[in-house]
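The structure appears right after this line, and notes come after that.
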Amino acid sequence: MRLAICSLARLGGFLSTILLATALPSGETNFMSVRENVAKDYESVTEIPQDKYFSECALISTVPPSSGISGPHQVEEDAESSFHYHYDGRFAEAPLPDDQVTPHLSALIRTYLTTMASIGAETWIMHGTLLAWWWNQKIFPWDNDLDVQISEPTIHFLADYYNMTQHHFDIPGVSGGRTYLLEINPHYVVRSTQDRLNVIDGRWIDTSSGLFIDITAVRKDDEQRQRGNTEALMCKDHHRYDESQIFPLRDSYFEDVPVKVPYAYTWLLEEEYGPKSMTNKFFGGHKFNDETKVWDPIV
Ligand SMILES: *[C@@H]1O[C@H](CO)[C@@H](O)[C@H](O)[C@H]1NC(C)=O
């Protein structure tokens with residue numbers, strides 16, 4: 001299956017190639033330079049925001065369909081509507097039919113990974129998406145979201161040059177293709193975990209359905225480093241890592257496109273989900289078929 005990127009994205013890729021070319025040190029880029037890059041120092045905005053930038057889908061009827069992509073969206077949170085937690089209210093009129101969720105998620109992650117690779121933005125999969133990769137390099141059929149991470153220099157790069165960019169893809173079987181929007185939370189410059197309302201640093205949004213991927217930045221953990229842990233990294237959602245657990249990233253495939261996975265993936269999965277998560281073949285109403293490597297629904 002081949003995805004075609006339109007001229008907009010290509011232009012973006014071209015621009016970023018120039019930008020990256022000037023940003024890279026001369027000579028060989030080796031692992032140590034990557035590590036230095038990860039651990040780059042960033043000032044934090046000290047004031048903790050009172051507003052939540054990204055909202056999930058809310059009372060759909062209150063969102064004018066034409067509200068489009070013009071920035072932050074102060075839609076009311078509807079605690080009871082948890083079923084559309086993973087839809088962006090500006091684009092979602094209703095949740096997708098169940099059988100449409102996995103194909104839409106698959107197109108989301110494929111277009112995201114392809115775009116990030118073409119603009120030179122380093123990203124990798126984490127959490128439930130990494131566990132799904134571990135089993136068969138496919139999205140879990142019962143999943144309704146995807147988790148990706150980026151490094152702190154990458155969030156700065158995306159915020160500076162790619163915020164609110166639209167990327168159109170021809171998708172086999174989808175008439176007219178789909179347009180995806182990359183949106184970066186302006187509060188990404190607040191590095192504190194106290195910013196509980198803005199733990200998500202960016203989103204890759206399918207503007208046809210409102211379905212999105214959350215993007216979280218992995219940052220240098222200043223506090224831990226001061227206490228002597230020289231490799232400490234953190235996310236605003238309180239996940240903590242050591243540099244050597246994530247880097248160097250490994251190359252693999254997910255949903256048939258190239259993906260990067262954290263270096264110590266088994267260790268990370270075991271810590272987050274327990275060792276059984278990698279042996280238990282019954283999950284989410286499905287059984288893992290060792291022959292076909294597919295999660296079959298238990299009927
Ligand atoms: C991205 O663009 C939106 C819409 O203009 C804006 O609200 C938001 O603050 C921008 N994010 C960053 C990181 O500048």
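The values are calculated or read from the model by the stated rules, or taken from the named source; none is laboratory data. What you see is a predicted model, and the numbers here were worked out from it, not measured in a lab. Backbone-built Cβ (ideal geometry, glycine too); neighbour counts: all protein chains shown. When the accessible area is computed, the model is the full protein with side chains, heavy atoms only, and any ligands, DNA or RNA have been set aside. Shrake-Rupley method; radii C 1.70, N 1.55, O 1.52, S 1.80 Å.
Some notes on this structure:
- Label point distance in nm, residue 161-residue 226, each placed 7 Å from Cα along Cα→Cβ: 3.4
- Straight Cα distances below 18 angstrom link residue 52 to the lysines 236, with same-chain residues fewer than 8 positions distant left out.
- Dipole of region 212-299 [Lys/Arg +1, Asp/Glu -1 at C-beta], most positive-end residue of 234, 247, 212: 234
- Near-label residues of region 143-165 by backbone N, under 14 Å of a point 7 Å along Cα→Cβ of residue 42: 149-163
- Efficiency of FRET between residue 286 and residue 189 - r from beta-carbon atoms, R0 45 angstrom, step 0.05: 0.65
- Protein accessible area in region 87-126, 1.4 Å probe - carbon and sulfur %: 54
- Relative packing of 160-167, 278-285, 188-195, which averages over residues the other C-beta atoms within 10 Å, highest first: 188-195, 160-167, 278-285
- Charge dipole (Cα centre; +1 on Lys/Arg Cβ, -1 on Asp/Glu Cβ; no other charges) of region 159-299 amounts to roughly 220 debye.
- Scalar couplings 3J(HN,Hα) for region 218-232, obtained by applying the Karplus form with A = 6.51, B = -1.76, C = 1.60 to θ = phi - 60°, are 9, 10, 5, 9, 4, 4, 5, 5, 5, 7, x, 7, 6, 10, 5 Hz; x denotes Gly and Pro.
- Per residue accessible area in Å² of region 183-262, where ligands, DNA and RNA are left out and the probe is 1.4 Å: 38
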